[in-house]
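Peer 1: A single structure is presented below for examination.
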Amino acid sequence: MIIEPKVRGFICMTAHPDGCAANVDEQIATMRQRGGFAGPKRALVVGASTGYGLASRIAATFGAQADTVGVFFERPGSAKRTASAGWYNSAAFERRAAEAGRGAWSVNGDGFSTEVKEETIALIREHLGSIDLLVYSLAAPRRTDPVTGETYSSVLKPVGAPFSGPTINPRSGSMSEVAVDAASDEEIAGTVAVMGGDDWRLWTETLAAAGVLADGLVNVAYSYVGPSYTQDIYRNGTIGKAKEHLEATAKQLDGTAGGRAYVAVNKAVVTQASAAIPVLPLYIMLLFKVMKEQGTHEGCAEQMHRLFAERLYADGGAIVDEEGRPRVDDLEMADQVQQEVAKRWESVDEASVRQIADFDGYGAEFLRLFGFGLDGVDYAKEAEPDLAIPSLSEAAS
């Protein structure tokens, strides 16, 4: 099959297996170039197939020489349809981990469910015994509570008052003003139920009850803060309420298995989710341009290497801010970066966006998420869409 990108709205409907493998290889190369560090040896990553979750698994394996279990919910391919990008990422990761002599096992299913938690515990018992790192990086638009059976949905809305601000079509470059009504109490509660700390707490408590958490566990989830002009739709909006709940959950979980629980604050990156948030794509385009000009731009792999090597596993203990959060958004939030981004934010329009913002780079980065536009990949060549993830095919047999 000749595989080409088919983009609809904020989603690419296809993914390229060779391109996704090249993306994984680039992140592994980044990790190795930056050097190994003293870190975890037996890690569980929940939400391990894309973005910061995938980069966390790569950091643990190729930075700290850890064996890992990864949990994700991805679509396999067939003779007529490509798999999801996360499926191909995970297949490539497992192959590279095996070549490096590291163990890697995966669970594909609804990470919110009791069944997937139980399957994961069985894998940990069989292959790792216990885990000394738990990364919770699960993101989804809805969640069914495994205890009550109730299904919640998340929304991207402001809280307390309507929001309006500039937004950009990442494909055409057309700019417009977007208006979003304030969230209802039910929508706020639903977003917190999906994206807050409830499922992270369930994972931690279930793993603890099963006796598979090692003493000194490092338990980390991820968040974002951002600048003032994204606050109303993000940090002060429904997502922000969920992140506040996540941070409160970290304090409740701290001390589990004699370890520490953190919410790490990361840099803005291109994801399917960020592409759908009003204002954020335009901000990211401006941010990337400025950080590239100043030589401080980082992708997921660079961020996770710094988080692990220089924050969570720093000599003398984790380095955190006044609220107990490890911060690797420091380069993004540096005064010289934010002052220049703010200046460009005031003047950007359709005529200037390709000059003062990284419009083309944003689009290229979006396609890279799905394995397109990677150097060294022959996209005119037939590719095999029905690709197995080694540990899943072994389990099925």
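Peer 1: Quickly run through segment 185-230 and pick out the residues that are surrounded by fewer than 16 Cβ atoms within 10 Å (Cβ to Cβ) and polar (S, T, N, Q).
Peer 2: Ser228
Peer 1: With (1) in contact (Cβ under 8 Å) with a residue 60 or more places away in the chain; (2) charged (D, E, K, R); (3) under 30 Å from Gly19 (Cβ atoms); (4) assigned to a loop (DSSP other than H, G, I, E, B) as the list, and Glu298 as the residue in question, which single condition is left unmet?
Peer 2: For Glu298, the failing item is (1).
Peer 1: Run down Gly173, Gly197 and say which single residue is more than 30 Å from Val7 (Cα to Cα) and in contact (Cβ under 8 Å) with a residue 12 or more places away in the chain.
Peer 2: Step by step, each of Gly173, Gly197 is checked, and only Gly197 is more than 30 Å from Val7 (Cα to Cα) and in contact (Cβ under 8 Å) with a residue 12 or more places away in the chain.
Peer 1: Residue under question is Leu287, and the condition is that it be more than 30 Å from Ala29 (Cβ to Cβ) and surrounded by 24 or more Cβ atoms within 10 Å (Cβ to Cβ); does it hold?
Peer 2: Spelling it out, it is not the case that Leu287 is more than 30 Å from Ala29 (Cβ to Cβ) and surrounded by 24 or more Cβ atoms within 10 Å (Cβ to Cβ).
Peer 1: For segment 264-282, does any single residue satisfy the condition of being in a loop (DSSP other than H, G, I, E, B), over 23 Å from Tyr362 (Cα atoms) and out of contact with any helix residue (DSSP H, G or I) (no Cβ under 6 Å at 6 or more places or on another chain)?
Peer 2: Within segment 264-282, none of the residues are in a loop (DSSP other than H, G, I, E, B), over 23 Å from Tyr362 (Cα atoms) and out of contact with any helix residue (DSSP H, G or I) (no Cβ under 6 Å at 6 or more places or on another chain).
Peer 1: Having 1 or more residues that are at pLDDT 95 or above, in contact with a Gly (Cβ under 9 Å, 6 or more places away or on another chain) and surrounded by 14 or more Cβ atoms within 10 Å (Cβ to Cβ) is the bar; report the helices (runs of 4 or more DSSP H) wholly within segment 326-387 that clear it. Before you say what the answer is, go through the steps one by one.
Peer 2: Details: elements: 335-347, 353-356, 359-368.
Once the helices (runs of 4 or more DSSP H) in segment 326-387 are filtered for at least 1 residues that are at pLDDT 95 or above, in contact with a Gly (Cβ under 9 Å, 6 or more places away or on another chain) and surrounded by 14 or more Cβ atoms within 10 Å (Cβ to Cβ), what remains is 353-356, 359-368.
Peer 1: Which condition number does Thr148 fail, the rest of (1) exposed (fewer than 15 other Cβ atoms within 10 Å of the Cβ); (2) modelled with pLDDT of 95 or more; (3) closer than 25 Å to Gly197 by Cβ being met?
Peer 2: Just one mismatch for Thr148, condition (2).
Peer 1: If Leu253 passes every condition in (1) under 22 Å from Ala55 (Cβ atoms); (2) crowded, with 24+ Cβ neighbours inside 10 Å but one, which one does it miss?
Peer 2: Going through the list (1) under 22 Å from Ala55 (Cβ atoms); (2) crowded, with 24+ Cβ neighbours inside 10 Å, Leu253 breaks only (1).
Peer 1: Is at least one residue of segment 213-236 part of a helix (DSSP H, G or I), out of contact with any Cys (no Cβ under 8 Å at 6 or more places or on another chain), closer than 17 Å to Ala43 by Cβ and not small (Gly, Ala, Ser)? Break it down into steps so the answer makes sense when it comes.
Peer 2: Going residue by residue through segment 213-236, those that are part of a helix (DSSP H, G or I) are 228-230.
Narrowing further to those that are out of contact with any Cys (no Cβ under 8 Å at 6 or more places or on another chain): 228-230.
Imposing the further condition that a residue be closer than 17 Å to Ala43 by Cβ reduces the set to none.
Looking for residues that are part of a helix (DSSP H, G or I), out of contact with any Cys (no Cβ under 8 Å at 6 or more places or on another chain), closer than 17 Å to Ala43 by Cβ and not small (Gly, Ala, Ser), one finds none in segment 213-236, hence no.
Peer 1: Tell me yes or no: at least one residue of segment 241-263 is outside any strand (DSSP E or B), touching a helix residue (DSSP H, G or I) at 6+ places or on another chain (Cβ under 8 Å) and among the aromatic types (Phe, Trp, Tyr).
Peer 2: No: zero hits.
Peer 1: Within segment 13-61, track down each residue that is closer than 29 Å to Gly197 by Cβ and more than 18 Å from the chain's Cα centre (by Cα).
Peer 2: Phe37, Ala38, Gly39, Pro40, Lys41, Arg42
Peer 1: Among (1) surrounded by fewer than 17 Cβ atoms within 10 Å (Cβ to Cβ); (2) more than 30 Å from Thr114 (Cα to Cα); (3) among the acidic types (Asp, Glu), there is one condition Glu302 misses while meeting the rest; what is its number?
Peer 2: Of everything listed in (1) surrounded by fewer than 17 Cβ atoms within 10 Å (Cβ to Cβ); (2) more than 30 Å from Thr114 (Cα to Cα); (3) among the acidic types (Asp, Glu), Glu302 misses just condition (1).
The values are calculated or read from the model by the stated rules, or taken from the named source; none is laboratory data. Because the structure is predicted, anything quoted here is derived from the model rather than measured. Heads up, the Cβs are rebuilt from the backbone with ideal geometry, glycines too, and the neighbour counts pull from every protein chain shown.
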